[in-house]
Amino acid sequence: MSVTRSLRCIGLAAATLAGSVAFARTGATGVTGAAGADAAYPSRPITMVVPQAPGGGVDLLARLVMHRLASALGQPVVIENRAGAGGLIGTRYVARAASDGYTLLLTSPSHNINAVLHQKAGYDALGDFTPVALLARGPFVLVAHPDFEAKSTAELIALARKNPGGIAYGSVGAGSFNHLLGEMFNAAAQVKLQHVPYKGSAQAASAVVGGQIPLSFNSLPGALPFIRAGRLRALGVTTPGVSRLAPDIPPLSSVLPGYEGTTWYGILAPAGLPQPIVDRLSGQIARLLQEPGMEQSMVQLGAQMSYANPQDFGDLLAAQTILWRQVIEDANVTPAD
């Protein structure tokens, strides 16, 4: 099976499964048995591990949600940043922690990507964790330097087909989420954009703004100030439809049907977490997401509130593992040294 065909098949299958997840706000729908939760839980502070440095998207979302969760549970929730190795260090730590509800992980697609990309990741993305709740999703955007010849996604595809390997796009490193968005684009559009890795999002964005490379996939919140100032041109968002965060930017799927590369944010616990504790945590999260001002606060962080209960979040994780394994294998992606 060709790279393009296999990627399209697996991408559509994963998108279909993910689309069946209850991403809309559902309150406590699907959360059962919370009334029977152990009355002693929690009896001491809870640690929420963020596998990123302070100030990143996952960290900011954790800090938005966790003080509300602390209030709901009656115990402090302490954010612990365990950054390093692209998220591997913090994720491994939680995978090996006691399954008692006092150590949780707030993570994103790197959770599945790293487990596939690294032969010695040190954890199984599905088997070593208990899904608790999906919190939100967020769009990325394909941006170009304003002077770049292609002014739309369709023009980019036409130009790239005439010049295979001659158009570069930047990312924050080999195997990163935005690198794989580019590989998905290559397969879906049947083109070959040349990947150029940088050491961080600021460097990748600066390279496009400065004209060193013509393209990059960026988080929408990070790119919007440059787009609004005319220093970057938005070609399309990676959501399956128009994003509420930037309704004037067309989705890439309007030119490449089935293309989707939306980031997500969710809470996991070590495998084997007792069901009453899972239910209590998930139920409280569902309720706090309904609190006044929460949706607008998430929008300010560049995320759209999208609760899913443990079962549906688990289905999403399974689909993500299938999708990223196929993208990585078909594009022959290897991790950076």
**Item:** Peptide ranges 56-67, 127-138 listed from the most packed, as the mean C-beta count within 10 angstrom indicates
**Value:** 127-138, 56-67
**Prompt:** When the label point is put 7 Å from the Cα of Thr334 along its Cα-to-beta-carbon vector, which residues of segment 159-200 have a backbone N closer than 14 Å?
**Reply:** 174-175
**Request:** Quick one: pull the percentage of alpha-carbon pairs in segment 277-337 with a separation above 19 Å.
**Result:** 55
**Message:** How high is the relative contact order of segment 181-288? Use alpha-carbon pairs under 8 Å, at least six apart in sequence, and give a whole percent.
**Reply:** 17
**Complete:** Ordering 153-161, 290-298 by per-residue average of other C-beta atoms within 10 angstrom, highest first, gives 153-161, 290-298
**Complete:** Expressed as a whole-number percentage, the relative contact order of the chain with C-alpha contacts under 8 angstrom and at least six residues apart is 31
**Fill in**
With Ser171 itself left out, Lys, Arg at +1 and Asp, Glu at -1 over residues whose Cβ is under 14 Å from its Cβ give 0
**Request:** Rank these residues by their accessible area, most exposed first, probe 1.4 Å: Ser110, Ser171.
**Result:** Ser110, Ser171
**Fill in**
Ordering 70-77, 111-118 by per-residue average of other C-beta atoms within 10 angstrom, highest first, gives 111-118, 70-77
**Message:** Within the chain, what whole-number % of the accessible surface is contributed by carbon and sulfur, with the 1.4 Å probe and all protein chains included in the calculation?
**Reply:** 52
**Item:** Förster-model FRET efficiency, 22 Å R0, His118 and Ala271, C-beta, rounded to 0.05
**Value:** 0.70
**Request:** Against the globular-protein guess of 2.2 N^0.38 Å, express the Cα radius of gyration of segment 217-258 as a ratio, rounded to two decimals.
**Result:** 1.10
**Complete:** Its Cα gyration tensor gives the chain an equivalent ellipsoid whose semi-axes in whole Å, largest first, are 35, 20, 18
**Message:** How big is the dipole moment of the chain about its Cα centre under a simple scheme where the beta carbon of each Lys and Arg is +1, that of each Asp and Glu is -1, and everything else is neutral? Debye, nearest 20, please.
**Reply:** 420
**Complete:** For Val172, other-chain or 5+-apart residues with amide H closer than 5 Å (H placed, Pro excluded) are Asn178, His179, Tyr198
**Asked** Heavy-atom accessible area of Lys151 with all protein chains present, probe 1.4 Å, nearest 10 Å²?
**Response** 90
**Request:** Between Ser297 and Ile89, with labels modelled 7 Å along Cα→Cβ, what's the label distance in nm to one decimal, could you check?
**Result:** 2.8
**Complete:** Under the Karplus relation with 6.51, -1.76 and 1.60 and θ = phi - 60°, whole-Hz ³J(HN,Hα) for segment 259-269, x at Gly and Pro, equal 6, 8, x, 8, 6, 9, 9, x, 10, 10, 10
**Request:** Provide Rg and Dmax in Å for segment 191-290, with only Cα atoms included in the calculation.
**Result:** 18.5, 54
**Residues of segment 197-337: accessible area per residue with a 1.4 Å probe, Å²** = 41
**Message:** Test of understanding: what is the full-extension gain from Ala154 to Asp100, defined as 0.36 nm times their sequence separation minus their Cα-Cα distance?
**Reply:** 14.3 nm
**Prompt:** Using Cα pairs under 8 angstrom and six or more residues apart, how large is the relative contact order of segment 235-280, in percent?
**Reply:** 29
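The values are calculated or read from the model by the stated rules, or taken from the named source; none is laboratory data. Values in this document were obtained by computation on a predicted structure and should not be read as measured data. FYI the Cβ positions are ideal-geometry reconstructions off the backbone, even for glycines, and counts take in every protein chain you see. For the accessible areas, the whole protein counts, side chains as well, though only heavy atoms, and no ligand, DNA or RNA atoms are used. Shrake-Rupley method; radii C 1.70, N 1.55, O 1.52, S 1.80 Å.
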